[in-house]
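For reference, the structure discussed in these notes is given below.
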Amino acid sequence: MADQITDTTKSRLIHYATHLGDNALILGHRNSEWCGHGPVLEQDIAISNIALDLLGQARNFYQYAAELTGNGATEDTLAYLRDVPDFKNTLIAELPNGDWAQTVLRQFFFSAYQYYLYRQLQKSGDAQLAAIAEKAWKEVSYHLRWSSEWVIRLGDGTEESHERMNRALDLLWTYTGDMFIPEAYETEVFAVDPARVKADWEQKIKQVLEEATLTVPENTWTQSGGKKGIHSEHLGYILAEMQFLQRAYPGAAW
Amino acid sequence: MEKNLEDIFQDKIDREIRIEPKDWMPEKYRQTLIRQISQHAHSEIVGMLPEGNWITRAPSLRRKSILLAKVQDEAGHGLYLYSAAETLGITRDEMYEQLHSGRAKYSSIFNYPTLSWADMGAIGWLVDGAAIMNQVPLCRASFGPYARAMVRVCKEESFHQRQGFEILLTLSRGNEAQKNMAQDALNRWWWPSIMMFGPTDDESPNTIQSMRWKIKRFTNDELRQKFVDICADQVKILGLTLPDKDLTWNETRGHYDFGPINWDEFWQVVSGNGPCNRDRLNARKKAWEDGAWVREAASAYAEKKKSEQKVA
Amino acid sequence: MNKEWPLWEIFIRSRQGLDHKHVGSLHAADAQMAIENARDVYTRRMEGVSIWVVESKHIHASNPTEAGELYDPANDKAYRHPTFYDLPDEVKHM
């Protein structure tokens, strides 16, 4: 498909694949910070599995974007040699882990988004995007299940866990809107317009939060800009850490 | 009567019949196993920390995935081992308590810092290599659950050493800075790695009983020699050197001779004075304490659901 | 106060058509979590297609000291095994 399309479309396809890769990489990176520090051994393993799935998705999207880009681009030049404004991930992915409540709620909001998005992306006219989405959707279905259960368990657990979930909800809610503000590259035919998955997402969130005895916040103000490359302060620190070796030893093979 | 049971027990061991949790066993056998298996489990989960350091700094997406999968495997190995120990009548929480209070030990190697990416290679090649050398005979340990856990561990462990060697090989073929990085890592990890086999045989009083019970199959010095022999050859493929000027092939012995081990350092690190003892233990304690409310909430929720089901 | 999550025994069917086999144990707050933990802990390398979990306290086991009376009596019943019987070579498959 890439051969017959206009330059603008091709550039948007590259942006789109990169954006999807960024989402997965940045949240995968965050989740990987838990490895060795989880609240119980079994869940340490679970969150690392999710991180590994997301890293795998990132690599698939980046490899595709790199192939379309040419000029020696690789999954690693995309991950390691771009700066903050070049990253197009949605803001919620880059927020710090906080406590387990914040981590599982962030995962829940994000996985629900990915779930409905990938479900539609499997029907994309771009065969490669559709294939990646098909594989990833199965993984995300499990992430959604795992994170929903944790949200419910903590929301409806003890007084302390309920309180912590409320705090997480208060913090994260204002970052959820960013996922649904469409960028130009998301409105092409090969993409899934996030506005089209918003209703499903909202319904899922409402259902799970209700079961968790939590209330959907009424606040509709949202932080925004991630998909354009305008980020929170947190992303810079992630990249500084993640890219350090590639930056310190330019051109080296690892 | 007691004597008789002990004879029957030893006879089973001698005939290579595995001991299972509900079988009669001498109390000292049980205690030895609990100590050894829990130490081993602690080593796995404390061992996640020095490598975990580098997950967020891994230099490529491929390396990042591999390292994360490897460190995650170590959590799995800890879990298998805690489970094996639990069949002997101790809970995981009790074992954690022993670790956190400093009463239980773990492998001293993890009290050394990981200072560069090459350390991921050195740990994989040397530390995991030494661990495998120790662990393969344990797949035939006389206690069934321990042996079965070790079979699973060894099966998964095999990629760990290979990925480490591959890291070092890549660095040794890289630029000057990378080569130096690799050599520096070997310089720092070599001696602690060969200390991993524990004190020399004449300083290791428990070895004889453990071998009689077939918990151990080889002595510390036997395993150490085997490890040195293998590494002394493999390091040539890397084009790097091991930091021991006395390391030479001894034709008569059919083994490599090696220089004196600094046992003073070994005992200092065991007793808490390694560069990272405090950091490691604090990180484990913090994870455990920070997770308390999570574990409690999940229990509370499970209880709630159970009683709702009863009512319905 | 801080009660440990119960222990569960994990059984995994490695391939369609095979029995579930005991693979080890783990901790989980409830059965659902035990299944998911088992998925994350024991099937990271495609080891399974189906999982059973049983809370360890519900397992009832035979007593090893009774092994003699339970299993030895089967020792002298060689006639239960096909190799006990001598048949002429002409009978090819039986």
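The values are calculated or read from the model by the stated rules, or taken from the named source; none is laboratory data. Note that the coordinates shown come from a computational prediction; the quantities given were computed from them, not determined experimentally. Cβ placement follows ideal geometry from the backbone for every residue including glycine, while neighbour counts extend to all protein chains displayed. Accessible surface is based on the protein model in full, side chains and every heavy atom, while ligands, DNA and RNA are left aside. Shrake-Rupley method; radii C 1.70, N 1.55, O 1.52, S 1.80 Å.
Give, in whole angstrom and from largest to smallest, the semi-axes √(5λ) of the equivalent ellipsoid of the stretch C:1-58, with λ running over the eigenvalues of the Cα gyration tensor.
Working: eigenvalues 97, 25, 12 Å².
Equivalent-ellipsoid dimensions as semi-axes: 22, 11, 8 Å.
Could you rank the peptides B:232-238, A:41-47 by their average count of other C-beta atoms within 10 Å per residue, with the highest value first?
Details: B:232-238: 15.1, A:41-47: 25.6.
Highest mean packing first, the order is A:41-47, B:232-238.
Give me the compactness ratio for the stretch B:76-148, meaning the Cα radius of gyration over 2.2 N^0.38 Å.
Values: Rg = 14.7 Å, N = 73, 2.2 N^0.38 = 11.2 Å.
Relative to the rule-of-thumb radius for its length, the stretch B:76-148 sits at 1.30.
Residue by residue, what Karplus-based ³J(HN,Hα) values in Hz, rounded to whole numbers, does the stretch B:206-217 have, using 6.51, -1.76 and 1.60 with θ = phi - 60° and x for Gly and Pro?
7, 4, 4, 5, 4, 6, 5, 7, 6, 7, 9, 10
What is the mean number of Cβ atoms from other protein chains located within 10 Å of the Cβ atom of each residue in peptide B:283-295, rounded to a whole number? Intermediate values should be presented prior to the final figure.
Numbers: counts 2, 2, 0, 1, 8, 3, 1, 5, 9, 5, 12, 17, 10.
The shielding value for this peptide is 6.
How long are the semi-axes of the equivalent ellipsoid of the protein assembly as shown, defined as square roots of 5 times the Cα gyration tensor eigenvalues? Whole Å, largest first. Before the final figure, lay out each step's value.
Details: eigenvalues 409, 229, 129 Å².
The three semi-axes for the protein assembly as shown are 45, 34, 25 Å.
Consider a paramagnetic label point 7 Å from the Cα of B:Val151 along Cα→Cβ; state which residues of the stretch C:14-51 have an amide N under 13 Å from it.
Only C:21-24 pass the distance filter.
Order B:Ile208, C:Ile10, A:Ile230, C:Ile35, most accessible first, counting only protein heavy atoms with a 1.4 angstrom probe.
Details: B:Ile208 130, C:Ile10 0, A:Ile230 105, C:Ile35 60 Å².
Putting B:Ile208, C:Ile10, A:Ile230, C:Ile35 in descending order of accessible area: B:Ile208, A:Ile230, C:Ile35, C:Ile10.
P(r) for the stretch A:1-83: what percent of alpha-carbon pairs falls in each 10 Å bin, starting at zero?
With a bin width of 10 Å, the distribution comes to 19, 40, 24, 12, 4, 0.
Round to the nearest 10 and report in Å² the accessible area of C:Arg45, as given by a 1.4 Å probe over the protein chains' heavy atoms.
Roll a 1.4 Å probe over it and C:Arg45 shows about 90 Å².
Quick one: grab the alpha carbon gyration tensor of chain B, order the square roots of its eigenvalues as a ≥ b ≥ c, and give me rounded if a/c is under 1.5, else prolate or oblate depending on whether a/b is larger than b/c. Working shown, then result.
Values: a/c = 2.04, a/b = 1.22, b/c = 1.68.
Cα axes put chain B in the oblate bin.
Please compute, for peptide B:88-95, the average count of beta-carbon atoms on other protein chains lying within 10 Å of each residue's beta-carbon.
On the way: counts 0, 0, 0, 3, 7, 5, 1, 0.
Shielding by partners across B:88-95 averages 2.
For the stretch B:1-132, what is the largest minus smallest coordinate of the Cα atoms on each principal axis, given in angstrom and ordered from greatest to least?
63, 33, 20
Around B:Glu156, under 10 Å between beta carbons, what's the net of Lys plus Arg minus Asp minus Glu among the other residues?
Values: positive: B:Lys70, B:Arg152, B:Lys155, C:Arg44, C:Arg45; negative: B:Asp73, B:Glu74, B:Glu157.
So the environment of B:Glu156 carries a net charge of +2.
Can you check what the net charge comes to around A:Ser124, using other residues whose Cβ is under 14 Å from the Cβ of A:Ser124 (Lys, Arg +1; Asp, Glu -1)? Before the final figure, lay out each step's value.
Numbers: positive: A:Arg12, A:Arg119, A:Lys123, A:Lys135, A:Arg196; negative: A:Asp126, A:Glu134, A:Glu186, A:Glu188, A:Asp193.
Spelling it out: positives minus negatives among the neighbours equals 0.
Using the alpha carbon gyration tensor of the stretch B:110-178, what are the three equivalent-ellipsoid semi-axes (square root of 5 times each eigenvalue), largest first, in whole Å?
On the way: eigenvalues 178, 28, 11 Å².
Calculated on Cα positions only, the semi-axes equal 30, 12, 7 Å.
Taking the Cβ of A:Val216 as the center, what net charge do the other residues with Cβ under 13 Å away carry, scoring Lys and Arg +1 and Asp and Glu -1?
Summing Lys and Arg as +1 and Asp and Glu as -1 gives -3.
Which FRET efficiency value, to the nearest 0.05, do you get for A:Tyr237 and B:Asn175 by plugging their Cβ-Cβ distance into 1/(1 + (r/R0)^6) with R0 = 41 Å? Can you show the working numbers first?
Details: r = 28 Å, r/R0 = 0.67.
According to the calculation, E is roughly 0.90.
Given a cut-off of 28 Å, what percent of all Cα-Cα pairs of chain A lie beyond it?
On the way: 9842 of 32131 pairs.
So the pairs more than 28 Å apart make up 31 percent of the total in chain A.
Take A:Ile230 and A:Ser141, extend 7 Å from each Cα along the Cα→Cβ direction, and tell me the distance between the two endpoints in nm.
So the two model labels end up 3.9 nm from each other.
List the DSSP H helices in chain A whose Cα atoms stretch 24 Å or more along the helix axis and whose mean Kyte-Doolittle hydropathy is at least -0.5. Let's see the in-between values first.
Values: long enough: A:7-32 (37 Å, -0.56); A:41-69 (41 Å, 0.13); A:100-121 (30 Å, -0.14); A:127-155 (40 Å, -0.10); A:159-176 (25 Å, -1.06).
Both cut-offs are met by A:41-69, A:100-121, A:127-155.
From Cα pairs below 8 angstrom and at least 6 apart in sequence, can you work out the relative contact order of chain A, rounded to a whole percent? Please report the intermediate quantities before stating the final value.
Numbers: 347 pairs, mean separation 60.5, N = 254.
24 percent.
So, in Å, what gap is there between the alpha-carbon centers of the stretch A:35-95 and the stretch C:16-83?
39
Among the complete DSSP H segments of chain B, which ones combine at least 24 Å of alpha-carbon extent along their axis with a mean Kyte-Doolittle hydropathy of -1.0 or more?
Working: long enough: B:27-46 (28 Å, -0.86); B:61-86 (37 Å, -0.16); B:144-172 (42 Å, -0.21); B:176-195 (30 Å, -0.85); B:220-238 (27 Å, -0.25); B:292-311 (29 Å, -1.02).
In chain B, the long hydrophobic H runs are B:27-46, B:61-86, B:144-172, B:176-195, B:220-238.
Could you please state, rounded to a whole Å, how far the C-alpha centre of the stretch B:144-213 is from the C-alpha centre of the stretch B:1-54?
22
Efficiency by 1/(1 + (r/R0)^6): what FRET value for B:Arg30 and A:Arg196, r their Cβ-Cβ distance, R0 = 60 Å, to the nearest 0.05?
0.45
Any idea what the relative contact order of chain B is, in percent, if you count C-alpha pairs under 8 Å spaced at least 6 apart? Mind showing how you got there, number by number?
On the way: 336 pairs, mean separation 57.5, N = 312.
RCO, chain B: 18 percent.
What pairs in B:Lys155/B:Lys216; B:Lys105/B:Lys214; A:Lys198/C:Lys3; A:Lys204/A:Lys227 have C-alpha atoms more than 30 Å from each other?
On the way: B:Lys155/B:Lys216 19 Å; B:Lys105/B:Lys214 22 Å; A:Lys198/C:Lys3 41 Å; A:Lys204/A:Lys227 23 Å.
In this structure, A:Lys198/C:Lys3 lie more than 30 Å apart at Cα.
Return the average number of partner chain Cβ atoms within 10 angstrom of each residue Cβ along peptide A:150-158.
Other-chain Cβ atoms within 10 Å of each residue's Cβ, averaged: 6.
I'd like the distance between the alpha-carbon centres of the stretch A:201-244 and the stretch B:287-312, rounded to an integer number of Å.
27
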